[in-house]
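What follows is one structure encoded as structure tokens, with my remarks underneath.
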Amino acid sequence: MAPPIKPQRPPHSEKNPFRGDIREFRSALTDWFLENGRDLPWRTFPPRDPYSVLVSEIMLQQTQVATVIDYYERWMERFPDIQALAAAPENDVLHAWQGLGYYSRARNLHAAAKLIARDYGGAFPQKAERILALPGVGPYTAAAVATFAFDMPTPPVDANILRVAARLLDYRKPTDSAAGLSHIRDIAQQWQPSAEEGGAGIFNEALMELGALVCTPRTPLCSACPVRIFCRAQEPETLPIKRPRPRKVELEEHCGWIVRDGQVLLEQQTGKRWRGLWRLPLLTEPHSGIPLAALTYPFTHHRVSLSVFPGTTPLFLTENQRWFPFPELEAVPMTAPHRRALRKLLLDKS
Ligand code: SF4
């Protein structure tokens, strides 16, 4: 619980051109959040469970809230705590993650749970440097766990906080440069309540929620904004400023549809990308003609065109290839694009 708000002269300097009294700002924003914040399954007050914060934050990287809700609830039913996740086989973990993409996140989450179970007896570490040392936990996620679960004044500067801060300050330099991001991070740090004041976790969550619900990317709802008197933005929809984006690189991926006696041939990926997941076997030679299935999917700064052609049964299987009976396919951990292609092929076949 935050202590009573005391009046304070507004901080104003070149480094922190905040408009108004930062304590009044925090108070207005937090009050609004407590009234209007979404009821999300990982938001439990107070305190939040660090494991659930970690799971939700890792799922929310690259994935929308609406999509994450179902995955999060199923995940927490299947792996309700660190010990349950640490004890699970990797195949179960990947299967539970299936559809969320970027599977290294699931592997890292699994490795983090094992490390916490082994080194800390299952108790989540509370020191910032120990949280940061967990597999797959970068500065943003460590800051999120520290502030949401342990109320530390560590602002997790995501796209929402960055946008809100850039607009409040009318910051008109690129925020996707190292200098711009570092400037916004410094500012967000200066806005934090001290450890004695408390309430950093709720304040940071409120900043994010403002960005998600009110200070939205295209059409910010300034007339309904609880902190508009603190805002300097003249043309908020033009902020934050970003550098021009490089064009997406087009990639072709040709795979084979090889079936035999009610079974389909799949291969397990061994490279860094999607390691451990199964896919339709990659054709060694590019194929021409009309594919049995075709779709496109984004991958980092690539746009991949996946085409599946009829393949011939190989004489010998490689180490990472296996036949799977049709009824077992839904339980096999696969990449989302290959799952979509496989479902289409099975549908066309029936
Ligand atoms: S007044 Fe508008 S631009 Fe400023 S913080 Fe509120 S919603 Fe964002």
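Taken together, the values in this text are just the output of simple stated rules run on the coordinates, not laboratory data. The structure displayed is predicted, hence computed values, not measured ones. Reconstructed Cβ throughout: ideal geometry from the backbone, glycine too, with neighbour counts over all protein chains shown.
Note on the range 207-299: dipole from Cβ charges, positive end direction compared against 291, 238, 276; the farthest Cα belongs to 238. Using modelled amide H (1.01 Å from N, peptide plane; none on Pro or chain starts), what sits under 5 Å from the amide H of residue 283, excluding residues fewer than 5 places away? Excluding prolines and chain starts, which carry no amide H, the hits are 254, 255, 256.
Measuring nothing but how far apart in sequence close Cα pairs (under 8 Å, 6+ apart) lie, relative to its length, the chain scores a relative contact order of 16 percent. Calculated from the alpha-carbon coordinates, the chain shows an Rg and a Dmax of 24.0, 80 Å respectively. Taking label points 7 Å from Cα along the Cα-to-Cβ direction, residue 19 and residue 301 give a separation of 3.5 nm. Computed from Cα atoms, the angle from the helix 178-190 axis to the main principal axis of the chain rounds to 50 degrees. For the range 50-120, relative contact order (Cα pairs under 8 Å, six or more residues apart, normalised by length) works out to 34 percent. Seen from all directions on average, the range 41-111 presents a Cα convex hull projection of 4.3 nm². Residues of the range 300-329 with the amide nitrogen closer than 16 Å to a label point 7 Å from the Cα of residue 252, along Cα-to-Cβ, please. From the range 300-329, the list is 303-310.
Using just the Cα positions, wrap the range 136-195 in a convex hull and report its mean projected area in square nanometres, one decimal place. So the Cα hull casts an average projection of 4.3 nm².
Annotation: extensible slack from residue 272 through residue 223 equals 12.9 nm (criterion: 0.36 nm per residue apart, minus Cα-Cα distance).
A straight chain from residue 285 to residue 177 at 0.36 nm per residue would run longer than the Cα-Cα distance by 34.8 nm. What number in nm² do you get for the range 119-254 if you take the convex hull of its Cα atoms and divide its surface by four? If you wrap the Cα atoms of the range 119-254 in a convex hull and average its projections, you get 12.2 nm².
Legend: residue pairs 272/344; 114/272; 114/248; 248/272; 242/344, Cα-Cα distance threshold 30 Å; pairs beyond threshold, 114/248; 242/344.
Please arrange 219, 154 by how many other C-beta atoms lie within 10 Å of their C-beta, fewest to most.
Lowest to highest Cβ neighbour count: 219, 154.
P(r) tail for the range 249-349: Cα pairs beyond 16 Å make up 56% of the total. Helix 139-150 and the longest principal axis of the Cα set of the chain meet at an angle near 60°. Applying 1/(1 + (r/R0)^6) with R0 = 51 Å to the Cβ-Cβ distance of residue 232 and residue 312, what FRET efficiency is obtained, to the nearest 0.05? E between residue 232 and residue 312, to the nearest 0.05, is 0.20.
Between the range 41-69 and the range 261-339, the alpha-carbon centres lie 31 Å apart. On alpha-carbon atoms, Rg over Rh for the range 290-347 using Kirkwood Rh? Expressed as Rg/Rh, it is 0.98. Multiplying the residue separation of residue 44 and residue 91 by 0.36 nm and removing their Cα-Cα distance gives an extension gain of 14.0 nm.
If you plug the beta carbon distance of residue 346 and residue 119 into 1/(1 + (r/R0)^6) with R0 = 35 Å, you get a FRET efficiency near 0.20.
Between residue 259 and residue 170, the distance separating the two model label sites (each 7 Å from Cα on the Cα→Cβ line) works out to 6.5 nm. Computed from Cα atoms, the angle from the helix 159-169 axis to the main principal axis of the chain rounds to 30 degrees. Calculated mean residue ellipticity, 222 nm, the chain: -12000 deg cm²/dmol, from DSSP H runs (n ≥ 4) at -39500 (n - 2.57) each, averaged per residue and rounded to 500. The order of 254, 338, 287, 301, going from fewest to most other C-beta atoms within 10 Å of their C-beta, is 301, 287, 254, 338.
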